[in-house]
Amino acid sequence: VGVDGQISDSGKLVTFNWYMNCKDKNFDRDECIEIATNFLQKCGYKSIKPVWTTENDNTIYVNFVSIENDDIIVYADMIKVEVCMERGKVAAMDATKYLENHKDRKIDVPKITVTQAEAKLNKDLTVETSRLAVIPLSTGKEKLAYEFFARSSDGDFYVYIDALNGRELQIFKVVGTDQGTLLL
């Protein structure tokens, strides 16, 4: 068994990988999310929330993001955690993006309501959930947006509508694979 890891100048755990073989499923998805959350809190990552999970064989991958103003998720501040479903142990984590991007942010107050933002969506979409999120753009800037998870006959989508002006910023299609799900 080998372990690799990196510690930041400030003493934060940045990455680690504990090589282990996971043959069975003794822990379910929710138990593994709790294990990952507790691990990150012990490492000093406090205002975080799990936003995405993927299973591959007997390993679950959990993506966490930071939370601002009690409920706004910040995607640039991401931590990825891998949990062995056989042992119920964290096998790997990567907080590089969190440590590179986490900062004090002044988040604008939305200028449109969630209802106004939802009205901008394609009428073929049925919204399942919505929330405010700060999303990174390809320009390197960040935008406050309403995130909608929606379904249609064409599949499942995440759509991001600018919370200040109502413009569509991004859309991702959820695609199932043999290895779990992907966003395209």
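The values are calculated or read from the model by the stated rules, or taken from the named source; none is laboratory data. Bear in mind that the values here come from a model prediction, so they are computed numbers and not experimental data. FYI the Cβ positions are ideal-geometry reconstructions off the backbone, even for glycines, and counts take in every protein chain you see. Ligands, DNA and RNA are excluded from the accessible area calculation, which covers all protein heavy atoms including side chains. Shrake-Rupley method; radii C 1.70, N 1.55, O 1.52, S 1.80 Å.
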I'm told K23 meets every condition in (1) modelled with pLDDT under 95; (2) within 15 Å of the chain's Cα centre (by Cα); (3) more than 15 Å from A92 (Cβ to Cβ) except one. Can you identify the failing condition by its number? (2)
Looking at region 88-99, is at least one residue touching a helix residue (DSSP H, G or I) at 6+ places or on another chain (Cβ under 6 Å) and under 27 Å from C32 (Cβ atoms)? yes
Name the residues in region 26-81 that are in a strand (DSSP E or B) and either over 16 Å from D94 (Cα atoms) or open to solvent by 70 Å² or more (accessible area, probe 1.4 Å) (or both), would you? K49, E55, N56, Y61, I67, E68, I72, I73, V74, K80
Between residues in region 38-52 that are within 16 Å of T15 (Cβ to Cβ) and without any contact (Cβ under 8 Å) to a residue 60 or more places away in the chain and residues that are open to solvent by 30 Å² or more (accessible area, probe 1.4 Å) and assigned to a loop (DSSP other than H, G, I, E, B), which pairs lie under 7 Å by C-beta distance while being six or more apart or on different chains? G44/K12
Members of region 85-119 found to be modelled with pLDDT under 95, open to solvent by 100 Å² or more (accessible area, probe 1.4 Å) and over 30 Å from G5 (Cβ atoms), listed by number: K106, V109
